[in-house]
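The structure under discussion appears below in the form of structure tokens.
The values are calculated or read from the model by the stated rules, or taken from the named source; none is laboratory data. Predicted model, so just to flag it, every value in this text is computed and none were measured. Ideal geometry is used to build each Cβ from the backbone, glycine not excepted, and the neighbour counts take in all protein chains shown.
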Amino acid sequence: MTGNLFTHLQRRFAARADDTAIEEREGTVFSFGDVACQSARVANALIGLGLHPGDRVAVQVDKSPHALFLYLGCLRAGLVFLPLNTAYQPREIDYFLGDATPGVIVCSGARTAWMLETARQQGVPHVLTLEADGTGTLAEICNATSDKQTVHPCGGDDLAAILYTSGTTGRPKGAMISHKNLTANCLSLHDAWGWRDGDILLHVLPIFHVHGLFVACHCALYNASKMYFFDTADSDVIIDYLPRSTVFMGVPTHYTRLLDNPRLTPETCRGMRLFISGSAPLLEQTFYDFRKRTGHTILERYGMTETGMNTSNPLNGERIAGTVGKALPGVKLRIVDEDGLPVTRGDVGALLVKGDNVFSGYWRMPEKTDEEFTADGYFATGDLARETENGYITIVGRDKDLIISGGYNVYPKEVELCIDEIPGVRESAVIGVPHPDFGEAVTAIVVRDPDGRDVDEQRIVDDLRNSLAKFKLPKTIHFVDELPRNAMGKVQKNLLRQRYESAR
Ligand code: MCA
Ligand code: AMP
């Protein structure tokens with residue numbers, strides 16, 4: 001089962017060479033033969049630049065089939081793919097380039113001015129461009145290379161990707177994900193979700209995260225299924241294409257937005273086989289409303305950047321609202337108390353996972369890696385869970401200070417550090433409060449300095465805009481005289497959450 005992930009993904013490409021692999025919104029199509037050739041060209045181009053297996057390739061480009069070919073080309077060449085959210089600002093990118101020391105950064109032309117400067121400062125030797133239509137300096141090199149390439153014969157433990165996950169200290173950590181991790185998860189999801197001939201995936205997720213790239217694309221490629229590949233989550237567009245698709249994957253916000261659209265009917269979903277939700281908790285209300293409106297029962301699953309998918313509700317069998325289903329084959333779960341001992345079934349504890357899907361550690365952070373693994377190799381997810389008698393898992397909360405907004409993770413510490421740098425701010429606390437569209441909304445509670453009376457909401461947001469991706473910006477800011485603290489001096493975020501829960 002080990003080896004280069006690409007050899008698994010391409011298993012049916014030759015037999016399906018002329019079939020459509022990817023269709024864009026304006027109708028442009030790419031066949032499986034195109035996927036094979038284009039990814040080979042990328043691999044040859046990057047090798048031609050002087051990159052060697054294990055070198056990192058940082059990528060901040062808009063979603064497009066060409067961005068996917070770039071990922072697949074990295075796999076083929078044994079290079080380590082490092083996808084970056086398109087919302088990240090220069091300050092965030094600067095950190096990633098400095099930490100990961102990639103051999104090349106590929107970005108859209110609009111970003112080159114500041115990217116060249118950032119790359120120079122961080123010693124990244126090459127900056128290439130790639131636009132959503134496939135043009136750019138990467139394409140120029142690719143066009144001059146062969147469309148044949150021998151897939152690098154890497155070992156299962158070799159790295160395929162590094163994904164940054166931020167962290168409770170405010171310092172992002174690079175999760176090192178191997179070919180074995182990704183292959184194990186891909187094969188297990190293929191079986192668990194019953195992928196079959198004729199399946200068509202409606203793909204509207206970003207491809208710089210696990211959900212859109214590893215879960216969605218791997219399942220479709222491995223099955224040689226066509227993907228509608230769109231860079232929009234507009235519910236009208238989704239509804240236009242549901243009748244031509246069989247599988248949809250989304251975060252809860254996609255489902256609440258679909259429900260808000262009166263065009264969602266049983267008729268539009270008639271040809272659909274499976275609706276899958278993950279990345280954030282799906283409200284029971286959404287689960288039941290969706291079933292009532294469409295006749296379809298959403299299949300909720302649970303995963304993490306560090307682990308890929310861990311659990312899933314069943315394809316055949318009862319999908320239970322408020323649960324994330326059972327452990328996937330090959331995944332071991334353990335729910336433990338504060339002493340690390342298994343809790344009685346039904347009690348809440350910290351969720352640990354072990355399996356071929358679990359990453360090997362954080363990039364250049366051996367101590368942090370050690371902290372998160374038990375002596376017998378279980379990884380601490382930071383999620384709190386309960387297991388029912390029949391093995392279904394419910395995620396009841398998190399023991400990490402994390403906000404999930406529309407499926408994107410926001411670590412409060414990172415936002416607090418930026419707010420606290422603003423002149424006139426003494427300190428801040430960032431919390432998540434319930435939000436009808438994004439599930440949770442980033443909310444800041446700020447204490448001004450005595451000379452900071454002119455610091456207002458607008459000023460803070462304007463300032464943060466320069467250093468943080470938009471989805472991390474507080475949707476609301478409250479000013480207070482002091483933050484509530486416990487006897488140890490720790491800010492009592494639970495009290496703040498209670499106070500501001502309904503104060504939007
Ligand atoms: C956009 N905005 C957001 C978010 N998205 N603010 C907070 N949270 C967000 N998630 C900002 C926009 O910049 C904009 O700001 C305003 O909110 C409204 O934007 P809108 O046009 O409504 O947003 P959108 O472009 O339609 O995006 C919403 C979205 C998107 C489709 C839900 O956030 C999304 O694709 N989420 C999925 C993320 C994902 O794939 N997560 C998987 C991670 P302004 O008005 O100022 O311009 S992988 C993972 O978590 C694990 C492994 C797992 O289990 O899957
Ligand atoms: P990420 O770091 O982006 O990989 O986010 C992983 C986190 O998202 C997990 O640790 C959970 O807290 C959360 N998560 C993912 N899927 C679900 C789900 N179905 N229900 C509840 N939380 C989820």
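What do you reckon, is ARG386 in contact with a strand residue (DSSP E or B) (Cβ under 8 Å, 6 or more places away or on another chain), loosely packed, with under 15 Cβ neighbours inside 10 Å and at pLDDT 95 or above?
No: the conditions fail for ARG386.
Restricting attention to segment 463-504, and to residues there that are under 26 Å from the mean Cα position of the chain (by Cα) and among the polar types (S, T, N, Q), which single residue is farthest from GLN60 (Cα to Cα)?
THR476
With ALA160, ALA192, ALA216 as the choices, which residue is more than 14 Å from ligand 1 (Cβ to nearest atom), touching a His at 6+ places or on another chain (Cβ under 7 Å) and either of a type outside the set (S, T, N, Q) or farther than 23 Å from VAL247 by Cβ (or both)?
Sole residue among the options that is more than 14 Å from ligand 1 (Cβ to nearest atom), touching a His at 6+ places or on another chain (Cβ under 7 Å) and either of a type outside the set (S, T, N, Q) or farther than 23 Å from VAL247 by Cβ (or both): ALA160.
Looking at ALA224, ALA220, ALA280, which one is farther than 27 Å from ALA17 by Cα, at pLDDT 95 or above and among the hydrophobic types (A, V, I, L, M, F, W, C)?
ALA280
From the list ASP337, ASP289, which residue is more than 16 Å from ligand 1 (Cβ to nearest atom), charged (D, E, K, R), modelled with pLDDT of 95 or more and within 29 Å of ASP236 (Cβ to Cβ)?
Of the residues listed, the single one that is more than 16 Å from ligand 1 (Cβ to nearest atom), charged (D, E, K, R), modelled with pLDDT of 95 or more and within 29 Å of ASP236 (Cβ to Cβ) is ASP289.
Within segment 160-173, take every residue that is over 19 Å from GLY212 (Cα atoms) and away from ligand 2 (no atom under 13 Å from the Cβ) and give me the one that is farthest from the chain's Cα centre (by Cα).
Of segment 160-173, the ones over 19 Å from GLY212 (Cα atoms) are 167-173.
Narrowing further to those that are away from ligand 2 (no atom under 13 Å from the Cβ): 169-171.
Values: THR169: 20, GLY170: 18, ARG171: 18 Å.
Among those residues, the one meeting the criterion is THR169.
Would you be able to tell me the number of residues in segment 352-364 that are surrounded by fewer than 18 Cβ atoms within 10 Å (Cβ to Cβ) and hydrophobic (A, V, I, L, M, F, W, C)? I'd like the intermediate steps shown before the answer.
Initial filter on segment 352-364 (surrounded by fewer than 18 Cβ atoms within 10 Å (Cβ to Cβ)): 360, 364.
Subsequent filtering for residues that are hydrophobic (A, V, I, L, M, F, W, C) retains none.
So the count comes out to 0.
Across segment 365-375, what is the number of residues that are in contact (Cβ under 8 Å) with a residue 12 or more places away in the chain and exposed (fewer than 15 other Cβ atoms within 10 Å of the Cβ)?
Looking only at that region, the number is 1.
For segment 317-329, which positions are more than 10 Å from ligand 1 (Cβ to nearest atom) and touching a residue at least 12 places away in the same chain (Cβ under 8 Å)?
Selection gives ARG319, ILE320, ALA321, GLY322, THR323, GLY325, LYS326, ALA327, LEU328, PRO329.
Which count do you get for residues in segment 264-314 that are more than 10 Å from ligand 2 (Cβ to nearest atom), assigned to a loop (DSSP other than H, G, I, E, B), buried (at least 19 other Cβ atoms within 10 Å of the Cβ) and within 20 Å of the chain's Cα centre (by Cα)?
1
Hey, does segment 17-35 have a residue that's in contact with a His (Cβ under 8 Å, 6 or more places away or on another chain), at pLDDT 95 or above and farther than 21 Å from GLU131 by Cβ?
No: zero hits.
Among the residues of segment 389-409, which ones are more than 8 Å from ligand 2 (Cβ to nearest atom) and more than 18 Å from SER277 (Cβ to Cβ)?
Correct list: GLU389, ASN390, GLY391, GLY397, ASP399, ASP401, ILE403.
Can you pull out the helices (runs of 4 or more DSSP H) entirely within segment 1-83 that have at least 1 residues that are among the β-branched types (Val, Ile, Thr)? Give the derivation first.
On the way: elements: 5-9, 32-48, 65-77.
Once the helices (runs of 4 or more DSSP H) in segment 1-83 are filtered for at least 1 residues that are among the β-branched types (Val, Ile, Thr), what remains is 5-9, 32-48.
Looking only at segment 437-464, filter to residues that are at pLDDT 95 or above and loosely packed, with under 14 Cβ neighbours inside 10 Å; which one of those is nearest to ASP401 (Cα to Cα)?
ASP437
Hey, among the residues in segment 330-345 that are in contact (Cβ under 8 Å) with a residue 24 or more places away in the chain and charged (D, E, K, R), which one's surrounded by the fewest Cβ atoms within 10 Å (Cβ to Cβ)?
ARG345
Can you work out which of the residues in segment 189-229 that are within 16 Å of ligand 2 (Cβ to nearest atom) and more than 18 Å from the chain's Cα centre (by Cα) is farthest from SER360 (Cα to Cα)?
It comes out as TRP193.
Return a yes/no flag: does segment 93-100 have any residue that is farther than 20 Å from VAL151 by Cβ, surrounded by fewer than 22 Cβ atoms within 10 Å (Cβ to Cβ) and in contact with an Asp or Glu (Cβ under 9 Å, 6 or more places away or on another chain).
No, the conditions are met nowhere in segment 93-100.
Give the number of residues within segment 428-449 that are more than 16 Å from PRO484 (Cβ to Cβ) and of a type outside the set (Asp, Glu).
9
Please give the strands (runs of 3 or more DSSP E) falling wholly within segment 355-431 in which 1 or more residues are in contact with a Gly (Cβ under 7 Å, 6 or more places away or on another chain) and more than 13 Å from ligand 1 (Cβ to nearest atom).
Filter on segment 355-431 gives 379-387, 393-398.
Can you name the condition, by its number, that THR168 falls short on among (1) surrounded by 20 or more Cβ atoms within 10 Å (Cβ to Cβ); (2) touching a residue at least 60 places away in the same chain (Cβ under 8 Å); (3) among the β-branched types (Val, Ile, Thr)?
For THR168, the exception is condition (1).
Would it be correct to say that VAL442 is hydrophobic (A, V, I, L, M, F, W, C), more than 16 Å from ligand 1 (Cβ to nearest atom) and either free of Cβ contacts under 8 Å to residues at least 40 places away in the same chain or in a strand (DSSP E or B) (or both)?
no
Please work out which residue is farthest from ASP449 (Cα to Cα), limiting yourself to segment 477-504 and to residues that are loosely packed, with under 13 Cβ neighbours inside 10 Å and of a type in the set (S, T, N, Q).
Here the answer is SER502.
Just the residues that are small (Gly, Ala, Ser), part of a helix (DSSP H, G or I) and crowded, with 22+ Cβ neighbours inside 10 Å, please, taken from segment 230-260.
Matches in segment 230-260: none.
Go through segment 47-81 residue by residue and tally those that are within 18 Å of THR112 (Cβ to Cβ) and not small (Gly, Ala, Ser).
Qualifying residue count, segment 47-81: 8.
Does any residue of segment 254-275 turn out to be under 26 Å from GLY382 (Cα atoms) and within 13 Å of ligand 1 (Cβ to nearest atom)?
Yes, the conditions are met somewhere in segment 254-275.
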